[in-house]
Amino acid sequence: MASDRMLAVYFDNPGGPENLYIKEVPKPIPGEGEVLLKVAVSALNRADLLQRQGQYHPPPGASSILGLEASGHVSELGPGCQGHWKIGDSAMALLPGGGQAQYVTVPEELLMSIPEGLTLHQAAAIPEVWLTSFQLLHLLGNVQAGETVLIHAGASSVGIAAIQLTRMAGAIPLVTAGSQNKLQMAEKLGAAAGFNYKEQDFCEATLKFTKGAGVNLILDCIGGSYWEKNVNCLALDGRWILYGLLGGEDVNGPLFSKLFYKRGSLITSRLRNRDKKYKQMLVKAFTEQILPHFSKEGPQRLLPVLDRVYPMAEIQAAHKYMEANRNVGKIVLELPQ
């Protein structure tokens, strides 16, 4: 393969996992203030599945290649870089796309050092989901010590991060999940209680746990099918943050009156299409406040959880595995070196 070429996960037409293949494409060239990262490990997110299906397009100007986070080594510095990074440095990156390829360009401010003691595989499991959870809890949710937080999809990668960050903030995490195995994992990581949404009414269980008061904060990636239970178990002045629509986008019923009665706030968020300035602020705050806790020993140590590692060539199998909702934690991809 020529030095100006690389391998990338690709699809020509939207559809199922069988449409994915490995393609040789031009290697990107770092622009002003950008770093070229040689990717060692990337990670799979629900956004990748949606993009493959034609339901979630990358932001304007972003790579059309899948992959919202990656770890690897600095390969080249573009013009105007400020000297924070040197060639050969190991780093992890928050990306709007392009991570599932051998090389990706990244604004230097969106690179983060890999915490001491973590592998490249663990590092690839951090940027997108941990920054999402940090943003939902702190920047949008304003979580406070002593509050109760209901985290849907508690064994997802965002859920696993949110459980740990909620505990670190002195708040009480409750989770929903669809199997006993996933609930056990969530409780092992610090969830105070877990509710199997397939077997019980999570709203009733939440109200019972909170002695009728409800939860102060809900992190919701489900949307439509959960709206009524969410608002019913929300405490007075509670905040409900919607960051996904896995359960549909339609609402039929008196959402506004129920929310109005609770004086509740409904906040929506998408990280991928935020502008560069916002992401720089988020990465800086996360680096200062959260990143050191991945290296600290003790009860407040943070831990990315890996479920499976796939070689890049098995990208179809990785998508099928996530689509079947079998993973507890992160699915990561090893890139050819």
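The values are calculated or read from the model by the stated rules, or taken from the named source; none is laboratory data. Given the structure is predicted, the values throughout are model-derived calculations rather than measurements. Here the Cβ positions follow ideal geometry from the backbone for every residue, glycine too, while neighbour counts run over all protein chains shown.
Of all residues in region 29-71, those being surrounded by fewer than 22 Cβ atoms within 10 Å (Cβ to Cβ), in a helix (DSSP H, G or I), touching a Leu at 6+ places or on another chain (Cβ under 8 Å) and not basic (Lys, Arg) number 1.
Across region 326-337, the number of residues qualifying as surrounded by 15 or more Cβ atoms within 10 Å (Cβ to Cβ) and either part of a loop (DSSP other than H, G, I, E, B) or over 18 Å from the mean Cα position of the chain (by Cα) (or both) comes to 5.
The residues listed here are GLN164, GLN135, GLN184, GLN144; of these, the one that is assigned by TED's automatic domain parsing to the domain that holds GLY264 and assigned to a loop (DSSP other than H, G, I, E, B) is GLN144. Among the candidates LYS198, LYS188, LYS182, the residue that is over 18 Å from GLU147 (Cβ atoms) and in contact (Cβ under 8 Å) with a residue 60 or more places away in the chain is uniquely LYS182. In region 72-109, the qualifying residues are those that are out of contact with any strand residue (DSSP E or B) (no Cβ under 9 Å at 6 or more places or on another chain) and assigned to a loop (DSSP other than H, G, I, E, B), and the one that is modelled with the lowest pLDDT is GLN82.
Would you call THR166 closer than 28 Å to ALA324 by Cβ, free of Cβ contacts under 8 Å to residues at least 40 places away in the same chain and surrounded by fewer than 20 Cβ atoms within 10 Å (Cβ to Cβ)? When the stated conditions are applied, THR166 does not pass them.
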